[in-house]
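A.B. asks: Starting off with a structure, shown below.
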Amino acid sequence: MTDTETVSGGGNTLVGINFTNNDNNYFRNVTMNAAGRDQHNYYSSGELDVEKVIKWLDAPDPSTNYVTARDKRVEGTGTWLLNHPQFIQWKEAGDLFWLQGKAGSGKTFLCTNVITHLQNQGHRVFYYYFDTLGSDSKVTYKGLLASLLVNMGMHNNYDQSILKTLYKNHSQGTSKVPVDVMLDTVFELMDKCSGDTYIILDAMDECREQEKVMRLIQQLLEVKNIYVAVTSRFPVDKHLEKLDASEMSLDNNLQTVDDIVTYVEKGMIVNARKFQGPEREIKETLIEGAHGQIRWVDCQCNAFVEWTDPRRSRSNTSTRRQLMDAQPSRGREPEANKPPSN
């Protein structure tokens, strides 16, 4: 028997489903975002709730990265990848898709587009963003496993009794789960679930334990109907090339340049009053200075909007000079971990 409550808020419809008198559904008081359709697509009942499981497994929440990237997306950018023959072949035939690009080239935005695209097509998608600016667990092999375990173990297409048993076997969640047990449980969940599963990993270069994750990818691809996509600053690891990896580089990619042009044009429309006057000079300066880094353009536009705030003192300096003065330093983004030694 179920009790369903619908709540509206923030433009989304939240459907809370509480299961009662049903031993097969173990998790309770879970709210599912029906509008977002993210990977937290699970139901609930019994003695355990989502927050308790997340705390027990120390599982990072990658949905924060997903929402941040999706909210920053500019309509019309990144769609080229979804229509690219190389991506379509991977989506249909599978194995490994590796998207390589330098810092700021838009890998995270493209990765987020891929996640949204696959979800909208009704595919089962699990994702993870390695993030050096987040908690330490967001850059570790264990953090990735814990996240997969939570999201697969509570997903309504998977056998939730597996996670229930794991919880009971670890003193009702009062003792921690070793990494090897997490790994075995993830594969047990996948072995008992039919149908295609897509696993998307962003920013492999920010992972501190890349060799372990590479081995995990190899193991995942040995499971039937598992599709893995990875983004990284580095080319695909030579050991993974043996798996018929489909690799695409964003460096010197004309589609990336087109995305930058679209981003600049639409950004100037949104901030028309700020960019009023020397629009052509601004556009040329941003596009020429980007060098394939859409993230740099984003930072530049934001800095220029702040620079032209009427509360700041006016200057007779040229627009191009103002842009260059306003631009944030390319500087060092979070230090990328070196690829594993081959």
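Coordinate-derived values only; no laboratory data. Remember, predicted model here, so these are calculated numbers, not experimental data. Methodologically, a virtual Cβ is constructed for each residue, glycine included, from the backbone with ideal geometry; neighbour enumeration extends over all protein chains shown.
A.B. asks: Within segment 159-228, which chymotrypsin sites (Phe, Trp or Tyr not before Pro) sit in a loop by DSSP and count at most 15 neighbouring Cβ atoms inside 10 Å?
C.D. replies: Taking segment 159-228 and a limit of 15 other Cβ atoms within 10 Å, no loop chymotrypsin sites (Phe, Trp or Tyr not before Pro) are found.
A.B. asks: Now for a separate question. Determine, for each peptide in 148-155, 230-237, the mean count of other beta carbons within 10 angstrom over its residues, then list the peptides with the highest first.
C.D. replies: Details: 148-155: 24.1, 230-237: 21.5.
Answer by packing, highest mean first, reads 148-155, 230-237.
A.B. asks: Another question about this same structure. Can you work out ³J(HN,Hα) from phi for every residue in segment 185-194, in order, using Karplus 6.51 cos²θ - 1.76 cosθ + 1.60 and θ = phi - 60°, giving whole Hz and x for Gly and Pro?
C.D. replies: 5, 4, 6, 5, 4, 5, 4, 9, 10, 8
A.B. asks: Over the Cα atoms of segment 68-134, compute the convex hull volume and normalise it per residue, giving Å³.
C.D. replies: Roughly 115 Å³ of hull volume per residue.
A.B. asks: So which of K107/K176; K138/K176; K102/K176; K72/K102; K192/K212; K107/K238 end up more than 27 Å apart by C-alpha?
C.D. replies: Pairs exceeding 27 Å: K107/K176; K102/K176.
A.B. asks: Of the peptides 57-64, 139-146, 107-114, how do they stack up when ordered by the mean number of other Cβ atoms within 10 Å, highest first?
C.D. replies: Going by the mean number of other Cβ atoms within 10 Å, highest first, we get 107-114, 139-146, 57-64.
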